[in-house]
Amino acid sequence: MKKQNKTPFILFLTAFIVVSVLSISAYTGVFKKDGMAKDNPRYFPPIGKTGGGPLQLTTSLDNEYYFDNNNVYLYIDLKADKVGNEKERSPLNIAVVIDRSGSMSDKNKLEYVKKSVDYIIEQAGVDDYMSIVTYDDYVDVLQRSAIISDKYDLRDKVSKIQPGGFTNLSEGMFEGYDQVNRTYSRGYVNRVLLLSDGLANRGITDRFKLADMVKDKNRRDGITISTFGVGNDFNENLMTDIADYGKGNYYYIRNSYDIPEIFANELKGIRNLAAQGTKLRVRFPSNYLSPNKVFGYPYELNGDEIVIDFKDVFSEQTKSVLIKFDIKKKINQRISFESELTYEDVNSNFKVVSSQDSRYIQLGTDKEEYTKAKNETVVQNVAMFESNEMMENALREADNENYEGARLKLKEAQEYMSEQMNTVTASPEMRKQSENMDKYNDELKSAETKTQEEKSEMQKSGKYDNYKARKKNE
């Protein structure tokens, strides 16, 4: 019998094994948990469909003509359709991170927090993951991330939390991230809820370093974070930064008895997930324009492209962005702005949806043509966002106890808004921003004679009103 030559078979088998190993290696190197490309921020899955998803993208320019203006404004609205209902809600994977420092014993703050956690435990469903982290000088994990099997036992553990020492906010927060990351799952609301009533005085305390670390964690792990500041002793600038770069919400809780209601509102808002991995890219003609300011959300600038990472978007949620461009040289030809929204449609098996929108500017023939072509909706939003930024500048002056400087900057903002209201129909957002400025102005009048506690409340209230107006959370 003739001996069979096995060389071709061996070569085929070897090639098959090599390709299989490389494929598995590539898969595990890029993907993490449920196929999500969490380790590679530049990775985007193949486009599943164009348009037709639950998010609606619209863009508008303040004017389609260039005449002698120094700036161009691009306004972007992102709106989510209503998805699901009360019975069809998104599963949760949340970590509740509780400040148990000594100051939490004041005004029954810790007791109200316990009521909030009891509510969250009671609302937890059969597919919800929950963890509880407490911190003072040290960090304790009261409940590791898991589906709650014994709600009574967990409520009993929560009831025994006692106030302790200092405030190691950073370590408590990072432990919260770790707990959520342990059970991370695509299609879940993967979020940390961080509460504090005091200044971070242990661990990492630098505001900008913490913000950078949160930004990095959000980009790498896809976990969002909302912050809850209680009373008048916490650092509201830090808590706002964490929420902004962590793609969550910030809450100022003036009265301890409001804690349960605000926690309940946060949970209600995140019950119906519409999209994940939501990212907006805006390409602009960099030879004519340079970005001056992006209002509303943190962004990254990559050459001629502005990138805003929204992460999770929920049912009926609206996100608005205004981009202000400086004109570098006279626009003498038709130029374009190309916007692209990409996201995973949670309710369509995570198909990646892409929506595009284009806007154009061309050289105007005269001033009258330019004036008639103004877009009233965009001009209204320019007035709101610009005055919001001017009020932010006044708040910063007051932070440094330069109250006269704060009053002058706020007066400029009020005069600017008044002028805008005379040239365009005032929108509800413009009126609300005007009310916020008037309210803060009344407080500023007697700033020098206020107690430290009153000054702190004045600043936190003013900043929170300005934050909500900027995010259009009213």
25 °C / 0.890 mPa s Stokes-Einstein diffusion coefficient of segment 76-217, Kirkwood radius on C-alpha pairs, µm²/s: 152 µm²/s
For Lys411, give me every one of the aspartates and glutamates with a C-alpha distance below 15 angstrom, ignoring sequence neighbours fewer than eight places off in its own chain. Glu386, Glu389, Glu392, Glu397, Glu419, Glu435, Asp438, Asp442, Glu443
Going through segment 154-245, which trypsin sites (Lys or Arg not before Pro) have at most 11 other Cβ atoms within 10 Å and a DSSP loop state? Lys160
Quote the accessible area belonging to Asp68 in square angstrom, nearest 10, computed with a 1.4 Å probe and with ligands, DNA and RNA left uncounted. 80 Å²
Neighbourhood net charge (12 Å Cβ-Cβ; Lys/Arg +1, Asp/Glu -1) for Thr167: -4
Can you give the accessible area of Met213 in Å² (nearest 10), computed on protein heavy atoms with a 1.4 Å probe? 60 Å²
Per-residue ellipticity at 222 nm for the chain, helices alone: DSSP H runs ≥ 4 residues times -39500 (n - 2.57), over residue total, nearest 500 deg cm²/dmol? -13000 deg cm²/dmol
Enter the accessible area of Asp99 (Å², nearest 10), with the probe set to 1.4 Å and all protein chains included. 0 Å²
For the chain, the per residue accessible area (1.4 Å probe, Å²) is 47 Å²
Percent relative contact order of the chain, based on C-alpha pairs within less than 8 angstrom and at least six residues apart? 17 percent
Please sort through the DSSP H helices of the chain and keep those with an alpha-carbon extent of at least 27 Å along the long axis and a Kyte-Doolittle average not below 1.6. 7-30
Within the chain, what percent of beta bridges assigned by DSSP are antiparallel, to the nearest 5? 65 percent
Sites matching GluC sites (Glu not before Pro) across segment 55-116 that sit in DSSP coil, with at most 11 neighbouring C-beta atoms within 10 Å: Glu86, Glu88
Rounded to whole Å, give me the distance from the Cα center of segment 294-342 to that of segment 420-441. 24 Å
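The values are calculated or read from the model by the stated rules, or taken from the named source; none is laboratory data. This structure is a prediction, so every number in the text was calculated from the model and none was measured. For neighbour counting, all protein chains shown are included, and Cβ atoms are generated from backbone atoms with ideal geometry for every residue, glycine included. The accessibility values were calculated without ligands, DNA or RNA, using every heavy atom of the protein model including side chains. Shrake-Rupley method; radii C 1.70, N 1.55, O 1.52, S 1.80 Å.
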